[in-house]
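What follows draws every value from the coordinates through simple rules; no lab data is involved. Since this is a predicted model, take the numbers as computed values, not measurements. So basically every Cβ, Gly included, is an ideal-geometry build from the backbone, and we count neighbours across all protein chains shown.
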Amino acid sequence: MTTDEMIALCKRHTMYTWTRGDDVDPLPVDTAKGVYLYAPDGRRILDFNSQLMSVLIGHGHPRVIEAIKRQVEKLTYVYPGTATEVRARTAKLLAEIVPGDINTFFFTLGGAEANENAVRAARLFTGRRKILSRYRSYHGGTNLTMQLTGDPRRWANEPGTPGIIRVMDPVPYDYSFGDSDEERTENNLRYLEEIIQYEGPQTIAAMIIETVTGTNGILAPPKGYLEGLRALLTRHGILLICDEVMCGFGRTGKMFAFEHAGIVPDIVTLAKGLTSSYVPLGCMGVNDRIAAHFRKNVFWGGLTYNAHAVGLAAAEAAIRVIMDEGLVENARAMGAVMRREMDRLQEKHPSVREGRCIGLFGMIDLQKDTRGTRLAGYNGTHPAMARLARFFRDNGLFTFVRWGSFMCNPPLCITEEQLLEGFDIIDRGLKLTDDVVES
């Protein structure tokens, strides 16, 4: 099959996400290895976004591939009511590495299902119905998780499930809770407590947050926020759900992002890096108190592919690779290099508004004037962004360009040389956005 035939058939017979079919310009990929994708013509492309921020260990790792092969040869699928060795091993491994008393896991096929079941568990456990979520969030593409999501992808999916109360983040898009971390934390938590009082704390089951906001900004929480949020919710008997689908498994320089604040949520949701997306798998982890409840009470949830053996084999191997190859530590070390490069680009290019990163979780915002006006506003675009995205693609860099920003989320196995290769392409491409900056 030629590249053109492959593209034409994919466009004719498959649907793509978050876009009109006629607008799709799919990237042709034949194979991938390490931090690189390879087009059918052999062209090499640096994967600067780990695909969907998910291929943490890099592409084609032999240990994970061998683990999948062994499991396929032994046992591919049995119904969820069975006990399997790989289910036992992987759950035990997760109980060992997830901090605190989160020791019990419900396996799904991805992050959206994990978040669905986290809400279900919170409602069943507390007997309450309302869920707090934040506007600068993304929690999945199902009916329920779309309503948990704050960003504009939610609009076309409304109305959805009732009982979702959305609030502003401590760092809203175009509003300030203060100039310092201390001010932002204090003011946002005061605002949040007022919302809780308006809604009735006795009616709220849980609050779900991306521990570090992902797609909508790569926003690490201000100092003291997670600790204050944990205390506030606990005071009102409201569960804390940390969505670590994107920021978990070392992305931020800690195995789990909530470790930066020294807190433990009541429920954590995981996917993406759980298997490094080699095969689909997600999970919800609950603390011992919630787990004890569901040993005595029915958990009214189920999935055909719950605890799928092949997915679990991939997860066990991928987690071992992260641990054995020091990828959490490498994310922390390369995060310092990324920070240095972002600072260099901001000093050099008038179109760079701000670069943010925590570990290898990064984003660069662009501006159209020296006053800091965003190059593209909320849910907006600008012709220069389309030109920048094309430059990246034509020069062998894969990443996401969205609104007036682009992402910097390479696999955690990236070397300094490879990281600098990516920033060199970015450096050259930013001339396109510099050209539209108004004096």
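Worth pointing out:
- Alpha-carbon centroid distance for the pair the range 219-250 / the range 293-366, whole angstrom: 16 Å
- Backbone HN-Hα couplings from phi across the range 100-105 [Karplus 6.51/-1.76/1.60, Hz, Gly and Pro as x]: x, 9, 8, 10, 10, 10
- Net dipole in debye of the chain [+1 Lys, Arg Cβ; -1 Asp, Glu Cβ; about Cα centre; nearest 20]: 1060 debye
- The chain, relative contact order in percent, only Cα pairs under 8 angstrom and at least six apart counted: 20 percent
- Here the residues Glu417, Glu316, Glu194, ranked from fewest to most Cβ neighbours within 10 Å of their Cβ, fall in the order Glu417, Glu194, Glu316.
- Net charge contributed by nearby residues that have their C-beta within less than 10 Å of Thr215 (K/R +1, D/E -1): +1
- With θ taken as phi - 60° and the Karplus curve 6.51 cos²θ - 1.76 cosθ + 1.60 applied, the whole-hertz 3J(HN,Hα) list for the range 166-172 is 9, 10, 6, 6, x, 10, x Hz, x standing for glycine and proline.
- Across the range 227-237, rounded Karplus estimates of 3J(HN,Hα) from the backbone phi angles (6.51 cos²θ - 1.76 cosθ + 1.60, θ = phi - 60°) give 5, x, 5, 4, 5, 4, 5, 4, 4, 9, x Hz, Gly and Pro being marked x.
- When shorter helices are ignored and each DSSP H run of at least 4 residues is given -39500 (n - 2.57), the per-residue value for the chain at 222 nm works out to -12000 deg cm²/dmol.
- Taking Ala91, Ala386, Ala315 as the candidate residues, the one with maximal mean-square fluctuation in a Gaussian network model of the chain, Cα springs under 10 Å, is Ala386.
- Using the Cβ of Ala114 as centre and a radius below 14 Å, the other residues enclosed give a net charge of -3, where K and R count +1 and D and E count -1.
- Whether the chain is rounded, prolate or oblate, judged on the alpha carbon gyration tensor where a/c under 1.5 counts as rounded: oblate
- Legend: ranking of residues Arg190, Arg402 from fewest to most surrounding C-beta atoms inside 10 Å; resulting order Arg190, Arg402.
- 5 angstrom amide H check on Gln367, placed H, neighbours 5+ away: Val352, Arg353, Leu375
- Tally of Lys pairs whose C-alpha atoms are under 17 Å apart, taken over the chain, 8 or more apart or cross-chain: 5
- Amide H partners (placed H, <5 Å) of Leu239, local residues excluded: Ala206, Met207
- As a rough footprinting exposure proxy, the listed residues Tyr173, Tyr16, Tyr138 were ranked by other beta carbons within 10 Å of their own, and the order from fewest upward is Tyr16, Tyr173, Tyr138.
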